[in-house]
Every structure is written in C-alpha cells, then in structure tokens.
1. Can you tell me which residue among Ala29, Ala18 is of a type outside the set (Ser, Thr, Tyr) and in contact with a His (Cβ under 7 Å, 6 or more places away or on another chain)?
2. Would you confirm whether any residue within segment 27-40 is under 23 Å from Gln82 (Cβ atoms), within 8 Å of the chain's Cα centre (by Cα) and crowded, with 16+ Cβ neighbours inside 10 Å?
3. What's the total number of residues in segment 1-22 that are of a type outside the set (A, V, I, L, M, F, W, C) and surrounded by 10 or more Cβ atoms within 10 Å (Cβ to Cβ)?
4. Identify, please: which residue in segment 1-42 is in contact with a strand residue (DSSP E or B) (Cβ under 8 Å, 6 or more places away or on another chain) and in a loop (DSSP other than H, G, I, E, B) and is, among those, modelled with the highest pLDDT?
5. Any idea which residue in segment 54-82 is surrounded by the most Cβ atoms within 10 Å (Cβ to Cβ), counting only those that are touching a residue at least 24 places away in the same chain (Cβ under 8 Å) and among the polar types (S, T, N, Q)?
Amino acid sequence: MSEFKKYRMTRKNVLLLAQALINVHGKIAWQDYASDSPYPDQHSLTLNEIKGSPQKFERFRNEFTHQMYDYVINDEMQRLEQQL
C-alpha cells in the first residue's frame, strides 16, 4: 500500500475517483434510503454519465467524495494518476 494522498475535489480528481471506484468495485452504485418506499431505491452511474451531465457529476461528487479516504480507493487513484 502506498502512502495516503489527500486530493482536492477538482473535476479531474472527481473523475479519477469515479474510475477508481469502477476498477475496485466494478460499478458505481448506491441505495437511497430517503424515499418512502419499503425498499431502498437502487441507483447507479457510468463514467460517461458523470462526464456528460453536470447534475450527475454533482450527484456523484456529493455521494462519493468520502470514498477517497478509503485506502484501497486512494491507492487505485494514485495508480491511475501515474498512468496519465
């Protein structure tokens, strides 16, 4: 494991986070427990959706920023950054 790196929330780093999550977990998905439904709503986003829609970019950023503090995700972000 490499040394933990702190990232600022620039557009480039948010997209790096999205790619790292896809590489580690296979997809970007979450459950919304805020609805009145007895079962949580399932949501997912693709990298292209995040890149192509300001609203989806913001939604992703709001839902997943905390994930960059996960050591596995942080390592993957650093690995991807070195490939750029």
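The values are calculated or read from the model by the stated rules, or taken from the named source; none is laboratory data. Given the structure is predicted, the values throughout are model-derived calculations rather than measurements. Counting neighbours? That spans all protein chains shown, and the Cβs are built from the backbone with ideal geometry, glycine included.
1. Testing whether each residue is of a type outside the set (Ser, Thr, Tyr) and in contact with a His (Cβ under 7 Å, 6 or more places away or on another chain) leaves just Ala29.
2. Yes.
3. Looking only at that region, the number is 7.
4. In this case the residue turns out to be Lys27.
5. Asn74
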